[in-house]
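Notes to accompany the following structure.
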Amino acid sequence: MLERLQKIIARAGVASRRRAEQLILSGQVMVNGRVILELGTKADPERDHIKVAGKLVRPAENKIYLMLHKPDGVVATLSDPEGRRSLSNLLHGVPGRVYPVGRLEYHASGLLLLTNDGELTNLVMRAHGLPQTYWLKVKGPLNPSELNMVEARTGVKLRRLKGGANPWYEATVTASSNDRLRQTLLQMTHPVEKLKRVKLSHLDLASLPAGKYRPLTEDEVRRLTRACLHASLPAQRAPRGVHHTDSGQSKRISKNREYRARG
């Protein structure tokens, strides 16, 4: 059965679909000995000889979905040219090669999704509205006025978790609001000192120890897929002829209509 090359590569767990497209355009994909440069090219994964960067593409036998509690001081990649601890140091016993989905900084900790399912990886990466919950340790407590200012600037509400000179707060963000929140706190002289992701959509880190992983259940994978599809939908546009206005504008529009009707 003929399928688009990027889909075949993604399903085999070689790379996400977006990354597969980049590999095709850069001339690193071959089909039956011929270099492919067009994204619309199709192939039969059962009959054609497909290579990516010189390596034969083999269909993934089993899909693997893992939730890992990444510790602070671990690079969120499978290897690191600087010799720092990487994810490969934590994945002993995994029956196949998996790849991290998204990013989690070197000094950040918490929930990291890993899989060999290129289709799901592509869905998660495109789901910019997918909610993520973080615990943030910030420099100095925020007073009520500052908390209101953060919410007004970023749309993110901070909930205080622990006291102390440098307290912890909980925040639920999206891909776009995460960076905006951290920049706002920095500008307010309350920089984030520690960061831990505790939830990704409905996936909850819960009591999973640092450095350990567990497989996702089938139900968790289904729910994550649905959440990604929902988070990827474009914002609904207002029906034709309906405009979002504040109360003052609405009153002015009503008065103008009434004036025209009288005239």
If you filter the stretch 63-164 for GluC sites (Glu not before Pro), then keep DSSP loop positions with at most 16 other Cβ within 10 Å, what is left? Glu82, Glu105
Angle in degrees between helix 218-232 and the longest Cα principal axis of the chain, rounded to the nearest 10: 60
When a/c is below 1.5 the answer is rounded, else prolate if a/b is larger than b/c, else oblate, so apply that to the stretch 67-114 with a ≥ b ≥ c taken from the square roots of the Cα gyration tensor eigenvalues. oblate
By how many nm would the segment from Ser207 to Glu151 lengthen if fully extended, with 0.36 nm per residue of separation less the alpha-carbon distance? 17.2 nm
Quote the relative contact order of the stretch 3-89 in percent (integer), defining contacts as alpha-carbon pairs under 8 Å separated by 6+ residues. 22
Positive-end extreme of charge dipole, the chain - chosen from Asn166, Ala108, Met67 (charges on Cβ): Asn166
Whole-Hz couplings from phi, Karplus 6.51/-1.76/1.60, listed for the stretch 109-114; x for Gly and Pro: 10, x, 5, 9, 8, 10
Equivalent ellipsoid semi-axes for the chain, as square roots of 5 times the alpha carbon gyration tensor eigenvalues: give them largest first, rounded to whole Å. 40, 31, 15
Might you work out the accessible area of Ser79 for me, using a 1.4 Å probe with all protein chains in place, and round it to the nearest 10 Å²? 80
Built amide H within the under 5 Å cut-off of Val198, gap 5+: Leu111, Thr133, Tyr134, Trp135
The stretch 8-108: translational diffusion in µm²/s, Stokes-Einstein, Kirkwood Rh over Cα pairs, 37 °C, 0.692 mPa s: 213
Quick check: the angle from helix 175-187's long axis to the longest principal axis of the chain, C-alpha only, nearest 10 degrees? 60
So, with +1 on the Cβ of K and R and -1 on the Cβ of D and E, and no other charges, what is the size of the charge dipole of the chain about its Cα centre, to the nearest 20 debye? 920
With an 8 Å Cα cut-off and a minimum separation of 6 or more residues, compute the relative contact order for the chain in percent. 18
Kindly state, to the nearest 0.05, the FRET efficiency for Leu25 paired with His92, given R0 = 41 Å and r defined as their beta-carbon distance. 0.70
Could you work out the helix-only [θ] at 222 nm for the chain, with each DSSP H run of four or more residues adding -39,500 (n - 2.57) and the total divided by the number of residues, to the nearest 500 deg cm²/dmol? -9500 deg cm²/dmol
With 0.36 nm assigned to each residue of separation and the Cα-Cα distance removed, Arg103 to Arg160 gains 18.0 nm
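The values are calculated or read from the model by the stated rules, or taken from the named source; none is laboratory data. Predicted model, so just to flag it, every value in this text is computed and none were measured. As a convention, Cβ positions derive from the backbone with ideal geometry for all residues, glycine included, and neighbour counts pool all protein chains shown. Heads up: the accessible areas ignore ligands, DNA and RNA and are worked out on the full protein's heavy atoms, side chains in. Shrake-Rupley method; radii C 1.70, N 1.55, O 1.52, S 1.80 Å.
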